[in-house]
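Below: the structure, in structure tokens.
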Amino acid sequence: MSVIQDVIAKVKQTDPDQPEFHQAVEEVMVTLEPTVKKHPEFVKANIYERLVEPERAVTFRVPWVDDKGNVKVNRGFRVQFNNAIGPFKGGLRFHPTVNLSIIKFLGFEQILKNSLTTLPMGGGKGGSDFDPKGKSDGEVMRFCQAFMRELYRHIGPDTDVPAGDIGVGGREIGYMYGYYKKIRNEHTGVLTGKGMEYGGSLIRPEATGYGTVYFAAEMLATRGLDFKGKTVAISGAGNVAQYAVEKVNQLGGKVISLCDSAATIIDEAGIDGNKCSYVLELKNVKRGRISEYADKYKAVCYESKNVWDVIREQGIKVDIALPCATQNEISGANAAALVKNGCYCVAEGANMPSTPEAIKIFQDNKVLYGPGKAVNAGGVATSGLEMSQNSLRLLWTREEVDNRLLLIMKSIHQACYETAEAYGRKGDYVLGANIAGFTKVANAMLAYGIV
Ligand code: NDP
């Protein structure tokens, strides 16, 4: 067996109950095969096997009290995966599906993503199986404080800097940062995604969605195309989806879909600026369901289906697909339907939203396919810019941060494109992203010797 296949087999054997982690490792590792021949020094130092083993993984008990006085217990996680090129960095996810496999898959992807951003950040991820949905603000606050009561000992501005992810937005970051500040008695850049009043960065809320669209625009430009007049499907209705809609609108495209975990809405007239503002209010303030959009704007609502199932079942034509909800949301059948209906560009705002079968279909059909770790890197890149501003004790303007984000997304695109070309696989953004991200981390690991 090859070095790569050995590593994949060992990961599966060592942790047989971690399917999402296996999927992420396998997807990355097979594309690194050409580096084995080109870099015997990586093989000699066993970089491949060292890369898939986290530096450390912490799990902990999170006891908290609900509004009725009942004592509840959730499980907390922080996986510090790799800090070869900078402090561990990656979001916190609060969702009932969270387990070690999910956190390890996300943390592993984060190593290469952060490397691609051009900024000095290592990879990590964390979270809890706590579900903020349906909880009062008081319950969310008490949970966040209990979570931070343990997490604080593992993080620090030069050690590990968590951020938001699914279920962790401005409210949760505020509660966690407030508690960290209280128990450490220090005001420091230990979390990103902070509010503007206490060390946040302009454009951070918009960054992942905007960056996703910037990356898609770069891919389209390689074929002389742009967003103007194009029909775009977006999934999710959270942070990434909301700002992806806003940027697509700014670039002249028409977004026709959104979903949450309960329903999909299709609005053939397009989700314009006013409707987009309504979605922000609905999801971020009222914490309502996307089905309410259908009532208000006479869109069609499909209960218990995601966007890609609806597109397949209804035969809806779209030019561009931006999955921005969650992992494995596009099945092979969904991908085949997208291609059949004329979709030629898929850019992943979410992490690993396409199954391996879907990715193969996109690539076999020459769809411009951008993997999450490159496409959605704008979020963590802007978190990196937030860390820089915290260290400088300065606040950059909206325009300055947005320009830096745009330049970073262009340079990530260029790195992926040129790396794929250099390895004889022009247009293969998966291979390009993985090898470009990996090479930098591997060289740093090599420089340290065996540590
Ligand atoms: P949010 O929690 O803000 O939004 C997630 C949205 O997806 C919600 O509308 C949620 O529905 C919906 N959703 C979740 N699971 C499903 C499902 N199984 N089927 C249909 N819809 C679902 O999270 P984000 O927008 O922050 O994150 C979305 C994706 O982007 C994730 O994969 C995340 O890892 C990735 N990402 C996020 C970054 C960021 O900066 N926020 C950075 C890089 C990647 P509901 O409203 O019902 O919960």
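Can you give the net charge of the other residues whose Cβ lies under 12 Å from the Cβ of Ser2, counting K and R as +1 and D and E as -1? With Lys, Arg at +1 and Asp, Glu at -1, the neighbours total -1. With contributions of -39500 (n - 2.57) from each DSSP H run of at least four residues, the per-residue ellipticity at 222 nm computed over the chain stands at -15500 deg cm²/dmol.
Here r is the Cβ-Cβ distance between Ile183 and Asp158 and R0 is 25 Å; the resulting FRET efficiency, rounded to 0.05, is 0.85. In summary, the convex hull built on the alpha carbon positions of region 165-233 has an orientation-averaged projected area of 6.5 nm². If r is the Cβ-Cβ distance from Glu197 to Ser136 and R0 is 25 Å, what FRET efficiency results, to the nearest 0.05? For R0 = 25 Å, the calculated efficiency reads 0.60. Of the DSSP H helices in the chain, those with a Cα length along their own long axis of 15 Å or more and a mean Kyte-Doolittle hydropathy reaching -0.5 comprise 3-14, 19-31, 100-116, 137-151, 204-221, 377-392, 398-422, 429-448. Put simply, region 3-188 fits an ellipsoid with semi-axes of 33, 18, 12 Å; these come from the alpha carbon gyration tensor as the roots of five times its eigenvalues, largest first.
The listed peptides 272-282, 251-261, ordered by packing as a protection proxy, come out as 251-261, 272-282 (highest mean of other Cβ atoms within 10 Å first). Of the residues Tyr278, Asn328, Thr264, the one whose Cα sits farthest toward the positive end of the charge dipole of region 251-328, with +1 on the Cβ of Lys and Arg and -1 on the Cβ of Asp and Glu, is Tyr278.
Counting only DSSP beta bridges with both residues in the chain, what percent are antiparallel, rounded to the nearest 5? Expressed as a percentage, antiparallel bridges in the chain total about 60. An ellipsoid equivalent to the chain, defined through the eigenvalues of its Cα gyration tensor, has semi-axes of 30, 29, 21 Å when rounded to whole angstrom and sorted largest first.
In plain terms, the chain from Glu313 to Thr118 could stretch by 66.1 nm, reckoned as 0.36 nm per residue minus the Cα-Cα distance. In region 74-182, the DSSP beta bridges split such that about 55 percent are antiparallel, to the nearest 5. Based on the convex hull around the alpha carbon atoms, region 207-370 presents an average projected area of 8.1 nm².
Evaluated with a Cβ-only charge set (Lys, Arg +1; Asp, Glu -1), the chain carries a dipole of roughly 520 debye about its Cα centre, given to the nearest 20.
Pairs of alpha-carbon atoms within less than 8 angstrom and 6+ residues apart define the contacts here; what relative contact order does region 344-451 have, in percent?
Values: 93 pairs, mean separation 24.4, N = 108.
Reported as a whole number, the value is 23 percent.
Our summary of shape: the Cα atoms of region 305-451 have principal axis extents of 52, 37, 26 Å, ordered from largest down, in whole angstrom.
In region 154-279, inverting the average of 1/r over every pair of distinct C-alpha atoms gives 16.4 Å as the Kirkwood radius.
Averaging 1/r over each pair of different alpha-carbon atoms in region 84-212 and inverting the result gives 15.0 Å, the Kirkwood hydrodynamic radius. For Lys12 and Lys44, a Förster radius of 30 Å and the Cβ-Cβ distance give a FRET efficiency of 0.80, rounded to the nearest 0.05.
Here, each number is a calculation from the coordinates, and none is a lab measurement. Since the model is a prediction, treat every value here as computed from it, not as a measurement. Glycine also receives a Cβ, built like all others from the backbone with ideal geometry; neighbour counts cover every protein chain displayed.
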